[in-house]
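Trainee: Quick one: structure below, then a few questions.
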Amino acid sequence: MTEQFLRISEIFHSIQGESTWAGIPCTFVRVTGCPLRCSWCDTTYAFQGGTRMSFAQIL
């Protein structure tokens with residue numbers, strides 16, 4: 001099987017702030033390249049760039 005990759009903008013640890021999981025420590029993986037361009041988006045820096053990472057590197 002060919003190894004698969006994603007473009008990752010950032011991986012960070014934080015406290016979940018939404019849903020029934022609010023208050024739980026989490027690790028977030030932000031991928032690069034969303035094509036939607038929503039007017040309220042607060043992560044426009046993730047539209048381009050990023051680091052190519054294998055699933056194994058991410059996990």
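Bear in mind that the values in this text are calculations on the coordinates, not laboratory data. All values reported here derive from a predicted model rather than from experimental measurement. Positions of Cβ are backbone-derived with ideal geometry, glycine not excepted, and every protein chain shown enters the neighbour counts.
Trainee: For Gly50, indicate whether it is on the phi > 0 side of the Ramachandran plot and in contact with a Lys or Arg (Cβ under 6 Å, 6 or more places away or on another chain). It would help to see each step written out before you state the result.
Mentor: Numbers: on the phi > 0 side of the Ramachandran plot: yes; in contact with a Lys or Arg (Cβ under 6 Å, 6 or more places away or on another chain): yes.
Against the criterion (on the phi > 0 side of the Ramachandran plot and in contact with a Lys or Arg (Cβ under 6 Å, 6 or more places away or on another chain)), Gly50 qualifies.
Trainee: Among the residues of the range 36-59, which ones are free of Cβ contacts under 8 Å to residues at least 24 places away in the same chain, more than 24 Å from Thr2 (Cβ to Cβ) and not aliphatic (A, V, I, L, M)?
Mentor: Arg37, Cys38, Ser39, Trp40, Cys41, Asp42, Thr44, Phe47, Gln48 - these are the residues of the range 36-59 that are free of Cβ contacts under 8 Å to residues at least 24 places away in the same chain, more than 24 Å from Thr2 (Cβ to Cβ) and not aliphatic (A, V, I, L, M).
Trainee: Here's something else I'd like to know. Could you check how many residues of the range 44-54 are surrounded by 12 or more Cβ atoms within 10 Å (Cβ to Cβ) and either assigned to a loop (DSSP other than H, G, I, E, B) or in contact with a Pro (Cβ under 9 Å, 6 or more places away or on another chain) (or both)? Lay out the reasoning, then the answer.
Mentor: Let us first name the residues in the range 44-54 that are surrounded by 12 or more Cβ atoms within 10 Å (Cβ to Cβ), namely 45-47, 50-51, 53.
So of that shortlist, the ones also either assigned to a loop (DSSP other than H, G, I, E, B) or in contact with a Pro (Cβ under 9 Å, 6 or more places away or on another chain) (or both) come out as 47, 50.
Selection size over the range 44-54: 2.
Trainee: Further question: Got at least one residue in the range 14-24 being within 10 Å of the chain's Cα centre (by Cα), assigned to a strand (DSSP E or B) and closer than 17 Å to Leu59 by Cα?
Mentor: No, the range 14-24 contains no residue that is within 10 Å of the chain's Cα centre (by Cα), assigned to a strand (DSSP E or B) and closer than 17 Å to Leu59 by Cα.
For (1) surrounded by 13 or more Cβ atoms within 10 Å (Cβ to Cβ); (2) part of a helix (DSSP H, G or I); (3) small (Gly, Ala, Ser), each residue gets a yes or a no:
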residue: Thr2; (1), (2), (3): no, no, no
residue: Glu10; (1), (2), (3): yes, no, no
residue: Arg30; (1), (2), (3): yes, no, no
residue: Leu36; (1), (2), (3): no, no, no
residue: Ser39; (1), (2), (3): no, no, yes
residue: Asp42; (1), (2), (3): no, no, no
residue: Ala56; (1), (2), (3): no, yes, yes
